[in-house]
Amino acid sequence: MNLRPELALLADLIPDRSRVLDLGCGSGTLLAHLIAEADCRGTGVEIDPGAVLAAIGRGVPVVELDIDTQLDDFADDSYDVVVLSRTIQTIRRPREVLQQMARIGDTLIVSVPNFGQLGNRLRLLHGRMPMSRDLPHAWYDTPNLRFTTLVDLENLFAAVGLRTERRIVLNSAGRPARSGQHLANLFGAAAVYVLRA
């Protein structure tokens, strides 16, 4: 199975034979890959009925739940890895969701587009809401409820009591950025975080 670069990176961060919970799994591409290639066991969570059907069609175990309000359905420490890929900006209660993730699993992997990237800042200076490869929707048509910078997101992680074990800054192609980590908030199009409680 051929994964887009960011999903391939996420897959590489997940140890073989892990129990994986993928929140906002979409059509189940990541979990299908992990099940087939890394002998993982997993469950996807998705609210969009069409994506749920696509995941089921891929053979991915998926449940249709609202991430914001129904994560209590999962037991404490029931998964090794909990993934929230390009989803935190679409939920209403990110702080509570992160707390639930830390309760459910040992390792958390969160990826997010960076609203603070220089190109986005310049678009705002020109009086326009940013649109880019990482923020592809017009302001009136976006699934995003929140727009965060990497600095703000890292502050939220700390407030929730999560420790960042690794941060991988991505370029606009979804690959690790070559620019230094020091200017990640300015030049990174997105980032992937590996976190622990």
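The values are calculated or read from the model by the stated rules, or taken from the named source; none is laboratory data. Keep in mind the model is a prediction, meaning the values are calculated, not measured. Virtual Cβ from ideal backbone geometry, glycine too; neighbours counted across all protein chains shown. For accessibility, only protein heavy atoms count, side chains too; no ligands or nucleic acids. Shrake-Rupley method; radii C 1.70, N 1.55, O 1.52, S 1.80 Å.
Among the residues of the range 83-105, are any in a strand (DSSP E or B), under 25 Å from residue 154 (Cα atoms) and open to solvent by 10 Å² or more (accessible area, probe 1.4 Å)? Within the range 83-105, one or more residues are in a strand (DSSP E or B), under 25 Å from residue 154 (Cα atoms) and open to solvent by 10 Å² or more (accessible area, probe 1.4 Å).
Evaluate the following for residue 80: is it in contact (Cβ under 8 Å) with a residue 60 or more places away in the chain, open to solvent by 30 Å² or more (accessible area, probe 1.4 Å) and not in a loop (DSSP other than H, G, I, E, B)? Yes.
Tally up the residues in the range 155-165 that are without any contact (Cβ under 8 Å) to a residue 60 or more places away in the chain, within 25 Å of residue 11 (Cβ to Cβ) and over 14 Å from the mean Cα position of the chain (by Cα), please. Residues that pass the stated criteria total 3.
To keep it simple, each residue is scored yes or no on (1) over 14 Å from the mean Cα position of the chain (by Cα); (2) in contact (Cβ under 8 Å) with a residue 24 or more places away in the chain.
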position: 36; (1), (2): yes, yes
position: 47; (1), (2): yes, no
position: 51; (1), (2): yes, yes
position: 73; (1), (2): yes, no
position: 97; (1), (2): no, yes
position: 104; (1), (2): yes, yes
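Kindly indicate whether residue 156 is in a helix (DSSP H, G or I) and modelled with pLDDT under 75. It is false that residue 156 is in a helix (DSSP H, G or I) and modelled with pLDDT under 75. Residues in the range 46-64 that are hydrophobic (A, V, I, L, M, F, W, C) and crowded, with 18+ Cβ neighbours inside 10 Å: 6 in all. In the range 47-68 there is no residue that is in contact with a Cys (Cβ under 7 Å, 6 or more places away or on another chain) and within 22 Å of residue 170 (Cβ to Cβ). The set of residues in the range 55-80 being among the hydrophobic types (A, V, I, L, M, F, W, C) and either touching a strand residue (DSSP E or B) at 6+ places or on another chain (Cβ under 9 Å) or at pLDDT below 95 (or both) consists of 55, 56, 60, 62, 63, 65, 67, 71, 74. Scanning the range 20-38 for residues that are of a type in the set (A, V, I, L, M, F, W, C) and open to solvent by 40 Å² or more (accessible area, probe 1.4 Å) yields 35, 36.
Collect the residues in the range 106-123 that are open to solvent by 10 Å² or more (accessible area, probe 1.4 Å) and modelled with pLDDT of 95 or more, keeping them in residue-number order. Of everything in the range 106-123, those that are open to solvent by 10 Å² or more (accessible area, probe 1.4 Å) and modelled with pLDDT of 95 or more turn out to be 106, 107.
When 17, 4 are checked against the criterion of being over 15 Å from the mean Cα position of the chain (by Cα) and open to solvent by 30 Å² or more (accessible area, probe 1.4 Å), 17 stands alone in meeting it. Of all the numbered requirements in (1) at pLDDT 95 or above; (2) in contact with a Lys or Arg (Cβ under 7 Å, 6 or more places away or on another chain), residue 83 misses one, and that requirement is (2).
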